[in-house]
Amino acid sequence: MDKDAIPTDARAFSVTNRSVLAIAVPMTLAYLTTPLLGLVDTAVVGQFGDAALLGGLAAGALAFDVVFTSFNFLRSGTTGLVAQAFGRGDALEEQAVFWRAVLIAVVAGVVLAALSPLIAVGGQWFMDAGPRVSEAMGVYVRIRLLAAPFSLINYAVLGYVLGRGEGGLGLVLQLVLNGINIALCFLLGLELGWGVSGVAWATVTGEFLAMLLGLAIVVRRFRSSPPLPRHRLLDMGAFLRMLSLNRDIMIRSFSLLAAFALFTRQGAQFGTVTLAANAVLMNFFLVAGYFLDGFATAAEQLAGRAVGARAEQPFRRAVRLTLFWGFGLAGGATLVLLLAGANLVAVVTTSQDVRAVADAYLPWAAFTALSGVLAFQMDGVFIGATWSRDMRNMMLLSFLVFAAALITLAPAFGNHGLWAALHVFLLVRGLSLLTILRVRVRTAF
C-alpha cells in the first residue's frame with residue numbers, strides 16, 4: 001500500500017504532490033495498457049490478411065465497449081464509497097462496499113453472459129455490415145461476453161484498491177490482466193490460428209485469472225480485519241445509495257458517449273476523408289485523456305477520503321494539486337501536438353488526402369487536452385465525493401449546449417465549427433462543475 005494512503009488519524013492527513021503522483025503515475029501507466037491491448041488484438045487478426053475479420057473485431061469491440069460503459073460505475077462508484085469509508089477509518093464499511101459491488105457485478109455479469117446471443121444480434125443489426133463482418137463480430141461478442149462476471153468483479157476490485165489510494169497495486173492488477181491477455185492473443189489467435197475467436201478467448205482467460213488474483217489479495221486482507229456482519233453487508237439503505245450513485249454515473253457515461261457519437265456522425269456528413277481525418281485527430285485527444293484520467297483517479301481517492309474524514313483543507317488541496325498537475329500535463333500534450341502533430345498524423349495514415357485534412361484541423365485537436373482538463377479533474381472530484389447527481393445534471397446540461405453549438409456552428413463553419421462545438425462541450429462540463437463545487441464545499445464541511 002502507498003505510504004500516503006495510510007492514515008495515523010482518520011481525520012488528519014496531508015495531501016502532497018507525492019500523494020497525488022503516487023496514484024496518478026501508476027494508474028496512467030495502467031490505463032495506457034488498454035490501447036496497447038487493442039493494438040495487439042488488431043495486429044494479431046490483421047496477420048490473416050482478411051479485412052472482414054478486422055472489421056468484425058472492430059465492430060465487436062465497439063459493441064462490447066458500449067455495453068460495458070454502462071457498468072463502469074462499479075469501478076468509479078466503488079472508488080468513491082471506499083475512499084470515504086477509508087477517510088472515516090471505517091474498515092467494516094470498506095469491506096461492505098466491496099462485497100456489495102461484487103454482488104452487483106455477479107448478478108449483472110451473469111445476465112450479460114446469458115444475453116450474449118441477443119446482444120450479438122443487436123450489434124450486427126446496428127452495424128449493418130457485410131455477412132462475413134457480421135459473422136466475425138458475432139463470434140467475438142458471444143465469446144467475449146462469457147467473461148462479463150469476471151470483468152465486472154475486476155471493476156469492483158480495482159475500485160476498492162483505488163479507493164484506498166493503492167495506485168501501485170492497481171497498476172500491478174492491470175498489468176497482469178492485460179499482460180496475460182496479450183500473451184494469449186499471440187498464442188491462441190496467431191500460433192494456434194484461432195483468429196478472432198482466439199482473441200476473444202484470450203480476453204476471457206485474462207479476465208478470469210486477474211479476477212482470481214484480485215480476489216485473493218482482497219480476501220486475504222479482509223481475513224486480518226474483524227468479520228463483516230451480514231446485516232451490514234445487506235443494509236438496504238446502503239445498497240440503494242450505491243445503486244443511485246451508479247445510476248447517475250451510468251447516465252453521465254451514456255451522455256458522454258452520445259456526444260462523441262454525434263461528433264462522429266456530423267463528421268461523416270462532411271465526407272469520408274474528413275471523417276477519417278477527424279478519427280485520427282480524436283485518437284490524439286483520447287491518448288491525452290488516458291494521461292488525464294490518472295490525475296482524475298487521484299482526485300477521486302483524495303477528494304473522497306477528505307469528504308469521509310470531513311477534512312476541508314485536504315479536500316481543497318487535493319483539488320488544487322490535481323488541477324495543477326492536470327493543466328501541466330495538458331499543456332505539455334498540446335505543445336507536443338502543435339510541434340509534432342503533423343509527423344504523428346503521417347505515422348498513423350499513409351493517405352495524402354487524409355493527412356492534408358488532418359493537418360488543417362490539427363490545432364483544434366491539439367487544444368482539446370487543455371479545454372478538457374477541468375472536465376476530467378472535476379469528474380474525479382465529484383465521483384470521489386459521491387456528488388453524482390450534480391455530475392449527472394451538469395453532463396446533461398453540457399450535452400444540450402453541445403447539441404446547440406453543433407447545430408449552430410457546423411452548418412456555418414463546417415468541420416471547424418464541429419471542432420469548436422467539441423471545445424464548447426468540454427469547457428461547459430468543467431466550468432459548470434467548478435461552479436457547483438463552490439456551493440458543495442460550503443455545505444459538505
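Could you check segment 385-405 and list, in sequence order, the residues that are touching a residue at least 24 places away in the same chain (Cβ under 8 Å), among the hydrophobic types (A, V, I, L, M, F, W, C) and part of a helix (DSSP H, G or I)?
391, 394, 395, 396, 397, 399, 401, 402, 403
(1) of a type in the set (Phe, Trp, Tyr); (2) within 15 Å of the chain's Cα centre (by Cα); (3) modelled with pLDDT of 85 or more: which one isn't true of residue 325, the others all being true?
The one condition residue 325 does not meet is (2).
Suppose the filter is crowded, with 18+ Cβ neighbours inside 10 Å and without any contact (Cβ under 8 Å) to a residue 24 or more places away in the chain; does residue 81 pass it?
no
Given 310, 320, which one is open to solvent by 40 Å² or more (accessible area, probe 1.4 Å), under 30 Å from residue 16 (Cβ atoms), out of contact with any helix residue (DSSP H, G or I) (no Cβ under 6 Å at 6 or more places or on another chain) and in contact (Cβ under 8 Å) with a residue 12 or more places away in the chain?
310
Tell me which helices (runs of 4 or more DSSP H) are completely within segment 97-198 and hold 1 or more residues being under 18 Å from the mean Cα position of the chain (by Cα) and farther than 21 Å from residue 219 by Cβ, or say none if there are none.
148-163, 167-184
Only one residue in 334, 349 is of a type in the set (S, T, N, Q), in contact with a helix residue (DSSP H, G or I) (Cβ under 7 Å, 6 or more places away or on another chain) and within 30 Å of residue 19 (Cα to Cα), so which one is that?
334
Could you check how many residues of segment 223-239 are part of a helix (DSSP H, G or I) and crowded, with 16+ Cβ neighbours inside 10 Å?
Going through segment 223-239 one residue at a time, the tally reaches 2.
Six or more apart or on different chains, Cβ under 7 Å: which pairs go from a residue in segment 205-218 that's closer than 16 Å to residue 169 by Cβ to one that's crowded, with 18+ Cβ neighbours inside 10 Å and of a type in the set (Asp, Glu)? Could you list them?
Taking only residues 6 or more apart or on different chains, not a single pair turns up.
Out of the residues in segment 406-445 that are over 30 Å from residue 354 (Cα atoms) and without any contact (Cβ under 8 Å) to a residue 24 or more places away in the chain, state the one that is surrounded by the fewest Cβ atoms within 10 Å (Cβ to Cβ).
Of everything passing the filter in segment 406-445, 443 is surrounded by the fewest Cβ atoms within 10 Å (Cβ to Cβ).
The values are calculated or read from the model by the stated rules, or taken from the named source; none is laboratory data. No experiment lies behind these values; they were computed from the predicted model shown. Heads up, the Cβs are rebuilt from the backbone with ideal geometry, glycines too, and the neighbour counts pull from every protein chain shown. Ligands, DNA and RNA are excluded from the accessible area calculation, which covers all protein heavy atoms including side chains. Shrake-Rupley method; radii C 1.70, N 1.55, O 1.52, S 1.80 Å.
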